[in-house]
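This report concerns only the one structure given below.
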Amino acid sequence: MATLLHRLGRTAFRHRFRFLAGWLVLLFLAGGGLATFGSHLDSEATIPGSQSQQGIDLLERVLPKATGVTAQLVFAAPPGTTVDDPAHRARIQSTVREAAAAPQVAEATDPFRTGTISADRRTALAQVLYPIKRDVLADASVTALEDIAAAARSGGLRAEVGGTVYSTAGMQVGMGEVIGLVVAVVVLVLTFGSLLAAGLTLATALAGLAIGLLGVLLASNIATVSDTAPALALMVGLAVGIDYALFVGSRHRAQLADGMGAEESAARATATAGGAVVFAGLTVIVALAGLAVVGIPFLTVMGLAAALTVLMAVGAAVTLLPALFGLAGERLRPKPGSPATRPRPAGAGGLRWARLVTRRPLITIPVVLLALGAMALPALRLNLAMPDNGTADPASTQRKAYDLISDAFGPGNNGRLLVLVHTRGDDPVRAAAQIGAALDLPGVASVSDPEPGTDGRTAVLNLVPEQGPRTQATQRLVRDIRSHTPALGAAADAEVLVTGSTPAAIDVSDRLRDSLPPFIAVVVGLSLLLLLLVFRSILVPVKAAAGFLLSAGAAFGAVVAVFQWGWLAGLFGVATTGPVFSFMPIVVIAVLFGLAMDYQVFLVSRIREEHVRTGRPREAVLTGSRHATRVITAAALIMFAVFTGFVTTDDLTLKPIALGLAAGILADAFLVRMTLVPAVLALTGHAAWWLPRWLNRLLPNLDIEGATLHHPGHPHAKGADHTAEPRGVLRK
């Protein structure tokens, strides 16, 4: 790999204008394609094979209006009055008529005709039906309905809009993300000590990100792409793009400071740091693509979209950046007397830290493990659910509508269940009535009369639970009903399906919960195999996998503390505490795994490089840490700044993921890779690099450290600053 990347870096340096032109063509093609075809993002989440999805598919055929988007107009009379007062009643009915004529609306129900008035006659609920799905509903239509509700607020009458017209915020870039990017730029400038080097790094990252993100949006024209996928792709692509370019750029600048020629330095940086980038990037891509094994298209698309931006980030780091090195030439070489030309001061902090943590490894290791264990402790209380209007900002109209409905009609009215009865005979209404009478279970508030479908064989029951949609009680109720329906269906000669948005959310959470252990096993197994190939060691992969699990635990602990327990909730803009978004754990594991491997490879490859050269384990740890700590610190701070910036977003699906990744990165970079790893390697000495002879002969030599480039027989070995010891050192 090192030889191939060395040639690629040299070619990009020499033919810089061709490479730059190629990237510009890609950018213009992607941008032009988006300008021509636009994007068609989808907010619908399907769960193939689940009972709720089977029910939704059946509903679309026999009762299409039940699967369309629904808005709720909630009216509340001021204290001392009721909605029956002539002035209030007239205004409510007038508002409902206006809503019925609003854009894309099929029907608006009069609450005085349907009887959806609270027992105290102070709250009225009107349903506004859209015969379309959420991704087809225009934002302007929702705004028009909100304007109609706002106009109805007169004489103390409240009017709020809720329902399924509201979904996640999707991709929105706000001030938090901008601040995160500014912090990343500052870290780059301080790390390089050069505006030009920082600018080239940032330009490389943004070019790869732009093409990847435009590609995701273009793909939405030929495939179903969820509206959250671009947001995750943006967050991950920006973070890894800057870090990958930083790894290669810092190696190039350090080699220039040592007097290496610009062309050879660009080639060697691409071969060494670029090799680590390729390996780390592939692990991120594989982990993100591995989300497809869960079997939820929404999650698969999120993973593939983020994987595309990571792929472009890797490509930009090993092709575009060397070309930019060629464009900058000698201007990137540090000036005599600058900090970059004084190796000892530049790495003194990392060397001091490495000496500190390796001086008493039997103290360092337990302390770090206890700290990570304490950070991970809240994760034991992790509670997962899908977001709804009850998790929205309390100041938003959808949250106000949600609370009004809960207070006036009971919390279960925000999470109604649909019970579909599909008969083999000819009287679905009678069969549904029979089944509905048998659903008088604990936790059921009411069951409606059957509504027949258009096929003459299906009827639908509306079941209202006593508790809200995200409660454990409602989850148990759905499972209890499903456990009873096979016998009830057999007695009525019918198939019974429990569906709707609440059961669908429960099905998603259950599937993700069941998929998490095997997914973790696959990810950890993958890390063991890949690191075994790279470092040709038994201990290093085991230690890396264990460290990753500790970092993931710390990430989940931070999410639980903020989003469930409310610690620092105001600081992070968390308006409502409660269950965490169901996709958070599996997405955080997939992304954090790849990012943790970034730091593992970059740090341990430098340590192994020194161990191969000198055969002295402790000195190798100290020297490797001195070279890598500054860059890993900068990379971790950049990722932390980027992820923290996304915590400020209003997207309830992205917010906990961003916080989990920010906390996980801090724990992994500073506690695991820069503290625990050096201590373990110092404690185990030569044994850290032990590998059975038979396995050593079987494994291919990936050579991501570029050892072959330093070997006297290699054509590019001239000018190398050291040579490799025989590989037998690793087998001692």
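The values are calculated or read from the model by the stated rules, or taken from the named source; none is laboratory data. No experiment lies behind these values; they were computed from the predicted model shown. As a convention, Cβ positions derive from the backbone with ideal geometry for all residues, glycine included, and neighbour counts pool all protein chains shown.
Couple of notes before you dig in:
- Counted residues, the range 566-600 - those being touching a Ser or Thr at 6+ places or on another chain (Cβ under 7 Å) and aromatic (F, W, Y): 3
- Set side by side, the residues A90, A119, A66, A124 differ, and just one is farther than 24 Å from L417 by Cβ and of a type in the set (G, A, S), which is A90.
- Some residue of the range 210-217 being assigned to a helix (DSSP H, G or I) and either without any contact (Cβ under 8 Å) to a residue 24 or more places away in the chain or outside the structural domain of V301 (by TED's automatic domain parsing) (or both): no
- Flag if G645 is farther than 19 Å from L550 by Cα and either more than 17 Å from the chain's Cα centre (by Cα) or of a type in the set (S, T, Y) (or both): no
- Flag if M171 is surrounded by 18 or more Cβ atoms within 10 Å (Cβ to Cβ), closer than 28 Å to A305 by Cβ, of a type outside the set (G, A, S) and modelled with pLDDT under 90: yes
- Considering R476, R513, R457, R470, the condition of being of a type in the set (D, E, K, R), touching a residue at least 12 places away in the same chain (Cβ under 8 Å), surrounded by fewer than 17 Cβ atoms within 10 Å (Cβ to Cβ) and over 30 Å from D598 (Cα atoms) is satisfied by R476 alone.
- Among the residues of this structure, S551 counts as one that is assigned by TED's automatic domain parsing to the domain that holds Y244, touching a Gly at 6+ places or on another chain (Cβ under 7 Å), among the polar types (S, T, N, Q) and part of a helix (DSSP H, G or I).
Every residue, every condition in (1) in contact with a strand residue (DSSP E or B) (Cβ under 6 Å, 6 or more places away or on another chain); (2) among the β-branched types (V, I, T); (3) surrounded by 24 or more Cβ atoms within 10 Å (Cβ to Cβ); (4) touching a residue at least 24 places away in the same chain (Cβ under 8 Å), yes or no:
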{"position": "A280", "(1), (2), (3), (4)": "no, no, yes, yes"}
{"position": "V293", "(1), (2), (3), (4)": "no, yes, no, yes"}
{"position": "G303", "(1), (2), (3), (4)": "no, no, yes, yes"}
{"position": "G326", "(1), (2), (3), (4)": "no, no, no, yes"}
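- Any hit, the range 238-247, residues being assigned by TED's automatic domain parsing to the domain that holds L308, over 26 Å from A30 (Cα atoms) and either among the hydroxyl-bearing types (S, T, Y) or part of a helix (DSSP H, G or I) (or both): yes
- Inclusion of G525 among residues that are in a loop (DSSP other than H, G, I, E, B) and out of contact with any Leu (no Cβ under 9 Å at 6 or more places or on another chain) is not warranted.
- Residue that is surrounded by the most Cβ atoms within 10 Å (Cβ to Cβ) [pool: residues in the range 249-272 that are closer than 15 Å to R7 by Cα and hydroxyl-bearing (S, T, Y)]: T270
- Filtering the range 241-269 to residues that are at pLDDT 90 or above and within 30 Å of F298 (Cβ to Cβ) leaves G241, I242, Y244.
- Here the condition is being farther than 24 Å from T164 by Cα and more than 22 Å from the chain's Cα centre (by Cα); of P503, P541, it holds for P541 alone.
- Residues of the range 224-247 satisfying the condition of being more than 16 Å from the chain's Cα centre (by Cα) and surrounded by fewer than 24 Cβ atoms within 10 Å (Cβ to Cβ): T224
- Filtering the range 648-686 to residues that are among the hydrophobic types (A, V, I, L, M, F, W, C), modelled with pLDDT under 90 and surrounded by fewer than 24 Cβ atoms within 10 Å (Cβ to Cβ) leaves only L652.
- Within the range 526-544, tally of residues that are closer than 19 Å to V587 by Cβ and of a type outside the set (S, T, N, Q): 1
- A count restricted to the range 375-422 and to residues that are part of a helix (DSSP H, G or I) and modelled with pLDDT of 90 or more stands at 24.
- Which listed residue, of L362, L441, L404, is in contact (Cβ under 8 Å) with a residue 12 or more places away in the chain and either surrounded by 18 or more Cβ atoms within 10 Å (Cβ to Cβ) or among the hydroxyl-bearing types (S, T, Y) (or both): L404
- For the range 430-474, a residue qualifies if it is hydroxyl-bearing (S, T, Y) and part of a helix (DSSP H, G or I), and exactly one does: T474.
For every residue, the table says whether it meets (1) out of contact with any Pro (no Cβ under 6 Å at 6 or more places or on another chain); (2) of a type outside the set (F, W, Y); (3) within 18 Å of L188 (Cα to Cα).
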site: L200; (1), (2), (3): yes, yes, yes
site: A207; (1), (2), (3): yes, yes, yes
site: L218; (1), (2), (3): yes, yes, no
site: S226; (1), (2), (3): yes, yes, no
site: A231; (1), (2), (3): yes, yes, no
site: R251; (1), (2), (3): yes, yes, yes
site: A257; (1), (2), (3): no, yes, yes
site: A262; (1), (2), (3): yes, yes, no
site: S265; (1), (2), (3): yes, yes, no
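- Selection status of L622, in contact with a Pro (Cβ under 9 Å, 6 or more places away or on another chain), modelled with pLDDT of 85 or more and of a type outside the set (F, W, Y): yes
- Residues of the range 36-86 that turn out to be acidic (D, E) and buried (at least 20 other Cβ atoms within 10 Å of the Cβ), as a count: 1
- With respect to (1) modelled with pLDDT under 90; (2) among the aliphatic types (A, V, I, L, M); (3) over 36 Å from the mean Cα position of the chain (by Cα); (4) surrounded by 15 or more Cβ atoms within 10 Å (Cβ to Cβ), the lone exception for V523 is condition (3).
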